[in-house]
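Scroll down for the structure; my scribbles are underneath it.
The values are calculated or read from the model by the stated rules, or taken from the named source; none is laboratory data. This is a predicted model, so every value here is computed, not measured. With ideal geometry, Cβ positions are generated from the backbone for all residues, glycine too; neighbour counts draw on all protein chains shown.
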Amino acid sequence: MYREHTIGVVVPAYNESELIGETLASIPEYVDAVYAIDDASTDDTADIIENFDDPRIVFIHHEKNSGVGAAIVSGYKRALEDGIDIAAVMAGDNQMDPEQLPHLLDPIIEDRADYTKGNRLLSSEYRTGMSNWRFFGNAILTFLTKIGSGYWQMMDPQNGYTAISKSVLGQISLDSVYPWYGYCNNLLTRLNVYGFRVVDVVMPARYGREKSKIKYSKYIVKVSPMLLRDFLWRLKMKYVLLSFHPLVLFYALGVVLMPIGLLGGLYTLYYKFVMDGSLFVRGVLSLLLFIVGMQFLLFAMLFDMEMDMSERGSGRWE
């Protein structure tokens with residue numbers, strides 16, 4: 001128990017036989033339960049977990065590899081059944097520094113947050129060990145997730161070192177969380193729609209012998225459609241069904257007018273240089289449509305950011 005709150009740690013693991021033992025051994029004594037999930041590993045991960053000498057460990061085995069998001073959800077569900085107050089996530093590759101765990105727990109215990117997550121991107125000092133390519137990929141995903149989730153002040157969405165309160169777990173639909181690596185981006189969108197407070201906790205990156213399973217060149221392509229679906233779902237739920245805000249119309253007009261202006265500009269060039277027609281009228285009209293569409297899109301983002309800031313100022317955020 002930590003500050004009179006029961007703490008559970010969810011440890012998703014897939015083929016982590018080299019590091020899962022070190023991860024389990026490093027979990028602080030104040031943690032009440034360790035939910036170690038073997039996601040159908042093909043190595044000795046399951047045996048190591050099952051035979052690890054720690055009575056706090058709750059071994060969960062997946063018969064089929066279902067993804068890291070599904071593994072974490074399995075841990076969350078068991079933590080809910082056990083009545084755990086706060087459930088943290090520490091990956092099975094020993095990448096999460098246990099000394100940082102209290103920094104994730106304190107904002108929730110002090111009622112300043114419902115969900116906390118690590119942030120390694122604040123300074124170059126904290127990104128020590130992160131390759132330039134990994135930082136670039138993370139920066140792109142950060143921008144896309146800001147748009148998709150509505151948490152415009154959030155950074156480092158791929159950071160899996162998180163903590164979440166029991167009340168939040170009991171209100172969100174865990175079965176609808178994306179099961180693969182994009183689970184963290186998807187979960188942020190759901191938290192935003194339900195109005196939960198998300199706080200970034202600045203912490204340094206920690207890299208050792210683990211090998212990242214994320215290939216950003218493929219991962220961004222795979223996750224981007226999910227983020228687009230999440231973005232549209234968030235607009236529908238938050239700004240149409242649960243309440244109404246004109247930013248939805250601004251987004252729609254921007255998305256419609258900008259492509260029309262761009263296609264009109266391309267046709268104008270074709271009409272000028274292939275058909276030897278007039279450039280001025282068509283060109284000006286296309287440029288005007290593009291600029292107006294861009295303004296609608298920028299205003300929509302501005303309104304979205306203002307909603308983020310107002311929620312932060314109303315006490316729902318730190």
Completion exercise
Residues of segment 65-117 being among the basic types (Lys, Arg) and touching an Asp or Glu at 6+ places or on another chain (Cβ under 7 Å), in sequence order, are Arg112, Lys117
Problem - Residue match in segment 46-54 (condition: assigned to a loop (DSSP other than H, G, I, E, B), over 21 Å from Leu188 (Cβ atoms) and among the β-branched types (Val, Ile, Thr)) - result: no
Fill in the blank from the handout: The lone condition Tyr30 fails out of (1) among the hydroxyl-bearing types (Ser, Thr, Tyr); (2) more than 26 Å from Lys222 (Cβ to Cβ); (3) in contact with a helix residue (DSSP H, G or I) (Cβ under 8 Å, 6 or more places away or on another chain) is (3)
Handout entry: Search result, residues across segment 4-25 that are in a loop (DSSP other than H, G, I, E, B) and within 20 Å of Asp43 (Cβ to Cβ)
Key = Tyr14, Asn15, Glu16, Ser17, Glu18, Leu19
Handout entry: Ser124 being over 15 Å from the mean Cα position of the chain (by Cα), part of a helix (DSSP H, G or I) and among the hydroxyl-bearing types (Ser, Thr, Tyr)
Key = no
Completion exercise
Inside segment 230-246, the number of residues satisfying the requirement of being touching a residue at least 60 places away in the same chain (Cβ under 8 Å) and more than 17 Å from the chain's Cα centre (by Cα) is 2
Handout entry: Given (1) touching a residue at least 12 places away in the same chain (Cβ under 8 Å); (2) over 21 Å from Asn185 (Cα atoms), index of the condition Glu81 fails
Key = (1)
Practice task
Could you check, for segment 61-75, whether at least one of its residues is buried (at least 16 other Cβ atoms within 10 Å of the Cβ) and in contact with a Ser or Thr (Cβ under 6 Å, 6 or more places away or on another chain)?
Solution key: no
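In a helix (DSSP H, G or I), touching a helix residue (DSSP H, G or I) at 6+ places or on another chain (Cβ under 8 Å) and either in the same structural domain as Asn192 (by TED's automatic domain parsing) or surrounded by fewer than 17 Cβ atoms within 10 Å (Cβ to Cβ) (or both): does that describe Met226?
Yes; evaluated as a whole, the condition is true for this residue.
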Exercise for the section: Note down all Cβ pairs under 6 Å where the first residue falls in segment 161-181 and is outside the structural domain of Val193 (by TED's automatic domain parsing), the second is modelled with pLDDT of 95 or more and of a type in the set (Phe, Trp, Tyr), and they're at least six residues apart or on different chains. Expected result: none
Practice task
Restrict the check to segment 187-202 and report whether at least one residue is under 22 Å from Ala13 (Cβ atoms) and at pLDDT 95 or above.
Solution key: yes
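Results for (1) part of a helix (DSSP H, G or I); (2) loosely packed, with under 15 Cβ neighbours inside 10 Å; (3) not assigned by TED's automatic domain parsing to the domain that holds Leu302, shown as yes or no for each residue.
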| site | (1), (2), (3) |
| --- | --- |
| Phe250 | yes, no, no |
| Leu253 | yes, no, no |
| Val256 | yes, yes, no |
| Pro259 | yes, yes, no |
| Thr268 | yes, no, no |
| Tyr271 | yes, no, no |
| Asp276 | no, yes, no |
| Gly283 | yes, no, no |
| Leu288 | yes, yes, no |
Completion exercise
The number of residues in segment 84-121 that are part of a loop (DSSP other than H, G, I, E, B) and without any contact (Cβ under 8 Å) to a residue 40 or more places away in the chain is 3
Handout entry: Scan of segment 21-55 for residues that are under 19 Å from Val73 (Cβ atoms) and among the hydrophobic types (A, V, I, L, M, F, W, C), ordered by number
Key = Ala33, Val34, Ala36, Ile37, Ala40, Ala46, Ile49
Practice task
Identify all residues within segment 254-285 that are modelled with pLDDT of 95 or more and among the polar types (S, T, N, Q); write none if there are none.
Solution key: none
Exercise for the section: Check whether at least one residue in segment 158-167 is of a type in the set (Gly, Ala, Ser), outside any strand (DSSP E or B) and in contact with a strand residue (DSSP E or B) (Cβ under 8 Å, 6 or more places away or on another chain), and report yes or no. Expected result: yes
